[in-house]
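Here is the structure we will look at, set down as structure tokens.
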Amino acid sequence: MQTNHVTKVSLKNPMIVFSLISFSILTSNVATGISATAAQPSAIQADTIKITAGVPLKPEDISPLLTGERIPVLSLPRSSGEVFDLNKSVAETPTILVFYRGSWCPYCTLQLSGLQEIENDLKDLGYQIIAISTDSPGNLSKTMSKEKLSYTLLSDADLKAAKRFGIAYKSPGNYDRFLPETSGGKNLEKLLPVPSVFILNKKGTILFEYINPDITQRLSAPLLKAAAAALRDDASNI
């Protein structure tokens, strides 16, 4: 079974990249105009540097990996601090890969709890769940205990994984104080990932993705289960 592939684009203004088997949907709100108000040259220069360095200033401007592309080679620490080989694990079991912001985000904790509720159903379909956030390994341990999670949590405290997936962006200024703290001092650039869900086959190829710059909107558990079930054969076969 084939999946459609769409041309990679920069997500200008709020949109959802949402692809499932034989269809890909790309929706966009009306473009937000850039203010004509004069800005200080230093501010303009700083913004340009951040963009050319590959770190968008807004979540709408990310350029993520798309369906049909393979995930990068990555190793990230687990809640225990042990280094986890993401690619090796994916090669063994089709994977639901989730990027969330951190345990301090209420929408993220609701999403994590929803994933826990359907974990057994996803296991029956042959999948594993791996969730990645900016939290330090220590904070991951607290999240697993508090939310009673049994699936794998990984720390992307320096956002190297989010950058390579193309979903990292510069956080708003009001996050500056606690992002370095919750990441164990590693999120020095003060970045955030756009919440994302990927379904991967054992080659590490993306079969499905849901990426939404609106942090309040997350993929529902029933829809994730439906997508995973529909892609079961593609995910298992190499």
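A few comments on the model shown:
- Using a cut-off of 31 Å between Cα atoms, the listed pairs Lys123/Lys186; Lys163/Lys202; Lys88/Lys142; Lys146/Lys203; Lys58/Lys148 include Lys123/Lys186; Lys146/Lys203; Lys58/Lys148 as exceeding that distance.
- Restricting the chymotrypsin sites (Phe, Trp or Tyr not before Pro) of segment 49-121 to loop positions (DSSP other than H, G, I, E, B) with no more than 14 neighbouring Cβ atoms within 10 Å leaves nothing.
- Evaluating 6.51 cos²θ - 1.76 cosθ + 1.60 at θ = phi - 60° for every residue in segment 92-108, the Karplus couplings come out as 8, 8, x, 10, 9, 9, 10, 9, 10, 6, x, 5, 6, 9, x, 5, 6 Hz, glycine and proline recorded as x.
- Segment 153-216, accessible area per residue, ligands and nucleic acids excluded (1.4 Å, Å²): 34 Å²
- The Cβ shell under 15 Å around Gln217 holds other residues with a net charge of -1, Lys and Arg each +1, Asp and Glu each -1.
- Applying the Karplus relation 6.51 cos²θ - 1.76 cosθ + 1.60 with θ = phi - 60° to segment 143-157 yields 3J(HN,Hα) values of 5, 4, 6, 5, 8, 6, 9, 10, 8, 7, 10, 10, 9, 10, 4 Hz, where x marks Gly and Pro.
- Accessible surface of Tyr151 - all protein chains present, 1.4 Å probe, nearest 10 Å²: 10 Å²
- Within-13-Å neighbourhood charge of Lys123 [Cβ basis; K, R +1; D, E -1]: -2
- DSSP-loop GluC sites (Glu not before Pro) across segment 63-138, with at most 14 other Cβ within 10 angstrom: Glu82
- Share of carbon and sulfur in the accessible heavy-atom surface of segment 141-183 [1.4 Å probe, %]: 49 percent
- Near Leu57, the amide H atoms lying under 5 Å from its own belong to Lys170; only residues 5 or more places off or on other chains count, and H is placed 1.01 Å from N.
- Taking amide H as placed 1.01 Å from N in the peptide plane, the amide H of Ile132 sits under 5 Å from that of Val98, Phe99, Tyr100, Leu154, each at least 5 places away or on another chain.
The values are calculated or read from the model by the stated rules, or taken from the named source; none is laboratory data. Values in this document were obtained by computation on a predicted structure and should not be read as measured data. With ideal geometry, Cβ positions are generated from the backbone for all residues, glycine too; neighbour counts draw on all protein chains shown. What goes into the accessible areas is simple: the full protein's heavy atoms, side chains included, and nothing from ligands, DNA or RNA. Shrake-Rupley method; radii C 1.70, N 1.55, O 1.52, S 1.80 Å.
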